[in-house]
Amino acid sequence: MIVVTGATGNVGRALVGRLVAEGQSVRAVSRRDAEHAALPSGVEVTRLESADLFEGASKLFLHVQATGDRTGTVLDRARAAGVRHVVMLSSGIIQEGADETHPVHVMHARAEQLVRDSGLEWTFLRPNAFSTNALQWAGQIREGDTVRGPFADAVTAPIHEDDIAAVAERSLLDAGHHGAVHRLTGPEAVTNAGQVATIGRALGRDLTYVEVPIEEVEADFFPDMPRQAVRAVLKSFAALVGSQPEITSAVEEVTGRPARTFAQWAEDHKADFVR
């Protein structure tokens, strides 16, 4: 039995589908009930607080944003129940020379330390930019051919969520990943403006990204996050303008096939940008 937290998120949903296709028994953790979780048949859907969360389980996929401040307790319960290996979805912000005061760094570094201290065997996945971040523009694209936002020339190497799930799958099922840190990226650099243009090509439309001052849109970014944290995140985004993003071959090394391009992601997600 493999317990998957964050099972109805982008990566978790893709991972559950992959594990089921491999014939694995999956217990999916979600705030939604089984009917609304819309996961494959045969998947057991439960809540994080369930008393039998780890009954019969040997492995755990840990999504820190799903477990939050209960991460330590979840790990303690997993170990006590006999779980042996945890694959944690961390963040590429964890690296040498990083700003250790950045709120995203703080959250993931603390969680990684909890995992290290748990006594469980572990694997860390550290993806950089997600292709699904482009969904922030879906509303504007549904309404017209112009996307307004900051940092048109910010450069990332966005990764398809299913590529992250594929690495998680192999890390859970194959030998040789204990103590491994997999830094995950897409295969090519692309700007924000380039991403919007790529989505347009997938839709058969000519989309344009119009840069606006950050002051005009700051309130729309992460509305539930404290403003100090939002400013730290936006500072990180600003640093990506004209940058050379990290590009790794980890997806291919782990899964045996190259990471998918942003154009492939856009084709897979065309329905998300149509009314």
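Tabulated results
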| read-out | value |
| --- | --- |
| For peptides 172-185, 91-104, sequence by mean Cβ density within 10 Å, most packed first | 172-185, 91-104 |
| Where labels lie 7 Å past Cα in the beta-carbon direction, separation of VAL217 and ALA80 in nm | 4.6 nm |
| Rg/Rg_globular for the chain, with Rg_globular taken as 2.2 N^0.38 Å and Rg from C-alpha atoms | 1.02 |
| Whole-number accessible area per residue in Å² for the stretch 1-144, which is evaluated in the context of all protein chains at 1.4 Å | 46 Å² |
| For the chain, calculated [θ]222 nm from helices alone, where every DSSP H run of n ≥ 4 adds -39500 (n - 2.57) | -11000 deg cm²/dmol |
| Spatial separation of Cα centroids for the stretch 163-177 and the stretch 1-69, in angstrom | 16 Å |
| Descending principal axes extents, the stretch 122-181, alpha-carbon based, whole Å | 48, 21, 13 |
| Heavy-atom accessible area ranking, 1.4 Å probe, most first, across ARG84, ARG70, ARG205 | ARG84, ARG70, ARG205 |
| Kirkwood hydrodynamic radius of the stretch 1-153, from inverse mean 1/r over distinct Cα pairs, in Å | 16.9 Å |
| Of all accessible heavy-atom area on the stretch 1-153, the percent that carbon and sulfur account for (1.4 Å) | 44 percent |
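The values are calculated or read from the model by the stated rules, or taken from the named source; none is laboratory data. Quick caveat, the model's predicted, so the values are computed rather than measured. All Cβ positions, even for glycine, are placed from backbone atoms using ideal geometry, and neighbour counts span all protein chains on display. Just the protein is used for accessible areas: all its heavy atoms, side chains included, with ligands, DNA and RNA removed. Shrake-Rupley method; radii C 1.70, N 1.55, O 1.52, S 1.80 Å.
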